[in-house]
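For reference, the structure is listed below as structure tokens.
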Amino acid sequence: MVKKQLLAALCCLIHLTTCNYESTEWAVVGAGPAGITTVGLLLDAGIEPNQITWIDPEFNVGWLGNYCDNVPANVKTRLFVEFILACNEFCSLSTESIKKLFTYEPEKEYELFIILDPLRDITHHLLKKINSIQAKVTSLAYHDLTWHVGTAKKQIFSKKVILATGSHPRTLDYDCDCQIPLHDALDKERLKHYLEPDDTIGVIGGSHSAILILKHLHELATKRIINFYKNPIVYPVDMGDWELHASAGLRGETAYWAKNVLEKEKPANILRLKNSKKTRTTWLPICDKIIYACGFERNDLPQNDNTTPYECYDCTNGSIAPGLFGIGIAFPEKWEDPHGNIEYGIGIPDFMEYVQDSLPSWMRKKQTGYLLRFNQLVTIKQL
Ligand SMILES: Cc1cc2nc3c(=O)[nH]c(=O)nc-3n(C[C@H](O)[C@H](O)[C@H](O)COP(=O)(O)OP(=O)(O)OC[C@H]3O[C@@H](n4cnc5c(N)ncnc54)[C@H](O)[C@@H]3O)c2cc1C
């Protein structure tokens with residue numbers, strides 16, 4: 001009798017223990033556009049679905065999926081169609097939103113829901129096929145040639161880990177108490193609810209998001225808009241076999257408005273100033289509200305035991321350490337154009353090309369990379 005009880009207790013213990021652990025070949029962390037692209041291409045490459053574990057607290061296409069359905073896209077529809085067509089796993093789906101995407105004018109830009117809805121459908125499809133954990137990865141450590149990926153729900157042991165953990169809007173601590181969050185400012189309908197008739201609004205930044213917000217504020221008849229910018233507005237220039245200002249250049253509806261309204265005949269309610277301590281001291285005190293549209297910064301990465309130097313990220317193939325890779329806006333491809341300008345691939349179509357190029361090296365059994373051991377940077381070869 002005692003023997004039986006002991007056996008049952010042991011079985012229960014084994015069950016409990018195994019429930020909290022999972023072994024996999026590939027762990028993909030993050031389900032924004034970059035994570036979705038990665039999972040799709042892993043399946044295309046022939047990885048067994050049960051060898052992929054996908055982890056995200058939301059599975060709603062990342063920051064863009066949460067906030068940007070009504071934001072005008074800055075790429076032509078053709079590039080979104082090509083993005084879907086580049087992955088067999090995506091093409092195999094034929095949902096209403098994907099069929100709809102193929103009906104839009106290819107050379108025009110629309111609002112982002114035209115790609116976000118297909119990406120939501122693709123996410124649901126992938127979730128039915130592979131293992132997933134709805135949680136945040138909180139820790140990452142490398143022991144015995146295996147990555148230990150920690151979440152509040154489970155610990156995952158994985159040979160390879162891909163971090164597609166994304167970014168969030170950068171804010172500063174300028175002297176203005178009332179801040180309109182960027183995700184609301186980007187959506188004209190939501191922005192409207194923050195505005196009062198006599199408002200003076202300060203907008204920090206000078207690229208795509210900032211100019212789009214100036215357009216919204218102008219169209220919403222804001223009394224006064226003060227834009228503090230660092231760099232002049234630029235537009236992409238076709239240089240034959242390459243493009244100047246490929247990532248920084250304004251495109252689509254925002255570029256049209258900047259060229260034909262803002263730069264041609266600047267509206268009387270908009271004041272544009274080079275951002276400096278002097279201009280801020282003079283003009284910020286009259287701003288009732290402030291909007292920071294001055295870029296994005298990497299989300300916090302999972303804590304690690306100092307064996308994973310994230311700063312060793314190789315921006316030509318995503319490699320961080322043996323079996324650890326980064327992708328998406330947090331770990332973008334970086335290159336120098338023929339004029340010496342540094343460019344980053346942060347558009348959705350860029351992720352497809354970058355993963356396609358990098359995946360063969362990620363799949364190689366023999367990995368090289370860096371791990372920090374005993375406070376020293378050493379190269380490790382993993383067989
Ligand atoms: C306003 C705006 C307009 C844009 N317009 C376009 C456009 O028209 N065309 C275009 O191609 N690109 C556009 N972009 C750029 C592009 O969409 C972004 O670069 C892209 O959305 C970033 O995707 P991501 O998957 O790298 O990151 P994110 O979308 O940030 O996703 C990261 C995911 O990782 C999850 N995550 C983070 N940390 C953890 C963790 N520890 N554990 C588990 N999960 C985690 C998050 O919850 C999130 O779901 C735009 C961007 C902005 C801001």
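The values are calculated or read from the model by the stated rules, or taken from the named source; none is laboratory data. From a predicted model like this one, the values you see are computed outputs, not experimental measurements. Every residue, glycine among them, receives a Cβ derived from its backbone with ideal geometry; neighbour counts consider all protein chains shown.
Restricting attention to the stretch 132-141, does a residue exist that is more than 15 Å from residue 287 (Cβ to Cβ) and in a helix (DSSP H, G or I)?
No, there is no match, as no residue in the stretch 132-141 is more than 15 Å from residue 287 (Cβ to Cβ) and in a helix (DSSP H, G or I).
Residue by residue through the stretch 179-192, note down the ones that are within 16 Å of the ligand (Cβ to nearest atom) and surrounded by 14 or more Cβ atoms within 10 Å (Cβ to Cβ).
Once the filter is applied, which keeps residues that are within 16 Å of the ligand (Cβ to nearest atom) and surrounded by 14 or more Cβ atoms within 10 Å (Cβ to Cβ), the stretch 179-192 yields 180, 181, 182, 183, 184, 185, 186, 187, 188, 190, 191.
Among the residues of the stretch 47-70, how many are within 11 Å of the ligand (Cβ to nearest atom) and either without any contact (Cβ under 8 Å) to a residue 12 or more places away in the chain or in a strand (DSSP E or B) (or both)?
So the answer is 2.
Give the residue that is modelled with the lowest pLDDT, with candidates limited to residues of the stretch 332-354 that are within 12 Å of the ligand (Cβ to nearest atom) and of a type in the set (Val, Ile, Thr).
346
Tell me, yes or no, whether the stretch 28-44 has at least one residue that is at pLDDT 95 or above, surrounded by fewer than 24 Cβ atoms within 10 Å (Cβ to Cβ) and assigned to a loop (DSSP other than H, G, I, E, B).
no
Would you confirm whether or not the stretch 61-79 contains a residue that is over 21 Å from the mean Cα position of the chain (by Cα), of a type in the set (Ser, Thr, Tyr) and on the phi < 0 side of the Ramachandran plot?
no
Please enumerate the residues belonging to the stretch 251-271 that are at pLDDT 95 or above, assigned to a loop (DSSP other than H, G, I, E, B) and surrounded by 17 or more Cβ atoms within 10 Å (Cβ to Cβ).
Scanning the stretch 251-271 gives no hits.
Would you point out which residue out of 119, 126 is in contact with a strand residue (DSSP E or B) (Cβ under 8 Å, 6 or more places away or on another chain) and assigned to a helix (DSSP H, G or I)?
Going through 119, 126 in turn, just one is in contact with a strand residue (DSSP E or B) (Cβ under 8 Å, 6 or more places away or on another chain) and assigned to a helix (DSSP H, G or I): 126.
For the stretch 169-178, give me each residue that is surrounded by fewer than 16 Cβ atoms within 10 Å (Cβ to Cβ) and assigned to a strand (DSSP E or B).
If the condition is that a residue be surrounded by fewer than 16 Cβ atoms within 10 Å (Cβ to Cβ) and assigned to a strand (DSSP E or B), then no residue fits.
Residue 244 versus (1) touching a helix residue (DSSP H, G or I) at 6+ places or on another chain (Cβ under 9 Å); (2) crowded, with 17+ Cβ neighbours inside 10 Å; (3) not acidic (Asp, Glu): which is the lone unmet condition?
Among (1) touching a helix residue (DSSP H, G or I) at 6+ places or on another chain (Cβ under 9 Å); (2) crowded, with 17+ Cβ neighbours inside 10 Å; (3) not acidic (Asp, Glu), residue 244 violates only (1).
What residue, of 148, 183, is part of a strand (DSSP E or B), closer than 27 Å to residue 35 by Cα and of a type outside the set (A, V, I, L, M, F, W, C)?
Going through 148, 183 in turn, the sole match is 148.
How do the pairs read when you match residues in the stretch 192-213 that are at positive phi with residues anywhere that are of a type in the set (Gly, Ala, Ser), using Cβ under 6 Å and keeping only pairs 6 or more apart or on different chains?
The qualifying pairs are 205/293.
Collect the residues in the stretch 130-153 that are within 13 Å of the ligand (Cβ to nearest atom) and more than 23 Å from residue 321 (Cα to Cα), keeping them in residue-number order.
Those that are within 13 Å of the ligand (Cβ to nearest atom) and more than 23 Å from residue 321 (Cα to Cα): 132, 133, 134, 135, 152, 153.
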